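The values are calculated or read from the model by the stated rules, or taken from the named source; none is laboratory data. Keep in mind that this is a model prediction, so the values were computed, not measured. When we count neighbours, we look across all protein chains shown, and the Cβ atoms used for this are built from the backbone with ideal geometry, even at glycine. Remember, those area values only see protein heavy atoms, side chains included, never the ligands or the DNA or RNA. Shrake-Rupley method; radii C 1.70, N 1.55, O 1.52, S 1.80 Å.
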Amino acid sequence: MTDQLVQNFQYRRDVMRVLLIITFIGGCIFSAVNFQRGLWPLALIELLYGLFSLWLWLRILTTVYFQKWVTIYVVPFFVIMIYGLSVPQSSESIFVWILTIPVISYLLMGRKQGFWFSLTFILFGIVAYHWRFINTEHNFSLNVAISVNVILSSFLMMTFAHVYEKNREQNEDRLLSLAGTDPLTGLANRMKLNESFQRISALAARHDDPLTVVLFDLDLFKTINDVYGHAVGDGALRHVANFLQQNTRKSDLLARFGGEEFALLMVATDIEKGHQQVNALRKLLMKTPFTTPKGDIYITLSAGISSFGQDGHDLDKLLDKADKRLYYAKENGRNQVISHDGANG
C-alpha cells in the first residue's frame, strides 16, 4: 500500500530501455559508417558504447542502482556526442543530437539534476560547434546568424524540457497529496497513515523514542445523522477534525480512519503522557460545541491507545490493540480514554 504514495519512477526505466535500444542500434550503424569514412577512433567508441548499451538494456529493469547507471550511461553518451561534433570530417547534422541532451537529462534525472547536466553539456556542445564550424571563410553576418540559431535552439529545448518536468513534478505532487487526503475533512487518510507510520516508526526505533497510537471514535454519532441529517453530520466531522488538528502538535500525524473514527500518531510520546494529552483533548471537546442553525451540538469521544514496542511493532497490531481498548471504552460508559487493558479512563 505504501508504494501508492511515493513518486512513480517506473517511467524513467521505460524511457531508459527505449533509449538504450536506440543507442545500441544507432551505435552499430554510425560505427559502420564512420569505419568506412576512416574515422576509426570515433567508430570504435560508438561500437563499444553500443554494445555497453545492449548489456545495460538487459539489466536496467531490475537493478536497484538505477540512478547510478543512468549517470554512468548519460555522461559518456553526451561526451561522445560532443567528441563526434568536434572531430575533423564530422557533419554539422551531429548538432541535432546535442539538442536531445535536455530531453534525455530531464526525463532520466528529474528537474534539479537534469538542469545542471543539460546546462553543462549544452554549453560544451555550443563551444564544440563554434570551434568546429564557425570560421572566417563565412562573412560576419552569416556567422552571427548561425551562432544565434545554435544558441537559441539549444536553450529553447532546455527551457521546454525544464518547464515540462517542473509541471510534471507539480502535478504528481498534487496527485500524491490528493491520494493521501480525506476529501471530507482534509486530514490524512488511511493510506497516508500507513505510509507515514513506516517512516515515523523507523525513526522511533532508530532513536529509541516512544511512539503512541490513538484511535478516536465519536460517541453516538449515528444519532446526529438521524436527528439532524447527513449534511450536519458531515459538518460535525469537519468540526471535530478541525478541533483535533488545532489541538495536536504539527509533528504528530492526524488521520481520518473511517466513518467517525480518527487516528493519531504521537511521536516522542510514551503511553502515559499520551493518555494525559488525549484525555485533555476529550475534556476540551466537551466544551467546544458544534454550532448549527438548529442549535449547538455537544460531541464527546472515546479513545483507545497503544504503545509502539510494548503492544506491537507494526501498525495493524497497534491499531488492533488500540481498537480493543476503544471498544472497552465504548462498552463501559463512553466519553473516556483507555490506554491499558482494563478501565483507566
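Structural remarks
- In segment 103-192, Cα pairs under 8 Å separated by at least six residues give a relative contact order of 27 percent.
- Per residue Cα convex hull volume in Å³ - calculated over segment 37-104: 88 Å³
- Relative contact order (percent, whole number), segment 1-104, Cα cutoff 8 Å, 6+ residue spacing: 22 percent
- Solvent-accessible area per residue, Å², over segment 202-303 with all protein chains present [probe radius 1.4 Å]: 49 Å²
- Within the shell defined by Cβ-Cβ distances under 15 Å, the residues around residue 143 carry a net charge of -1, with Lys and Arg each +1 and Asp and Glu each -1.
- Heavy-atom surface analysis with a 1.4 Å probe gives the chain a carbon and sulfur content of 61 percent of its accessible area.
- Relative contact order computed over the chain (Cα-Cα under 8 Å; 6+ residues apart), in percent: 13 percent
- Whichever aspartates and glutamates have a C-alpha closer than 18 Å to that of residue 112, once near sequence neighbours (fewer than 8 apart) are set aside: 165, 169, 172, 173
- Prolate/oblate/rounded call for segment 176-230, Cα gyration tensor, a/c under 1.5 rounded: oblate
- For the chain, the mean residue ellipticity at 222 nm estimated from helices alone is -22000 deg cm²/dmol, where every DSSP H run of n ≥ 4 contributes -39500 (n - 2.57) and the total is divided by all residues, rounded to the nearest 500.
- Global form of segment 238-321, assessed from the alpha-carbon gyration tensor, a/c cut-off 1.5: prolate
- Residues 57, 40, sorted by accessible area with the largest first, give 40, 57 [1.4 Å probe; ligands and nucleic acids excluded].
- Shape class of segment 146-272 from the alpha-carbon gyration tensor: oblate, with a/c at 1.5 or above and b/c at least as large as a/b.
- The coefficient of translational diffusion for segment 94-171, derived via Stokes-Einstein from the alpha carbon Kirkwood radius under 37 °C and 0.692 mPa s, stands at 249 µm²/s.
- Over the chain, the reciprocal of the mean inverse Cα-Cα separation, the Kirkwood hydrodynamic radius, stands at 25.0 Å.
- All C-alpha to C-alpha distances of segment 24-147, sorted into 10 Å bins beginning at zero, yield P(r) values of 12, 38, 33, 14, 3, 0 percent in whole numbers.
- HN-Hα J in Hz across segment 172-178 - Karplus 6.51, -1.76, 1.60, θ = phi - 60°, x for Gly and Pro: 5, 4, 5, 5, 4, 5, 5
- Computed on the Cα atoms alone, the convex hull of segment 189-329 gives a volume of 97 cubic angstrom per residue.
- Filter on 192/321; 222/294; 222/317; 283/330 - keep pairs with C-alpha separation over 23 Å: 222/317
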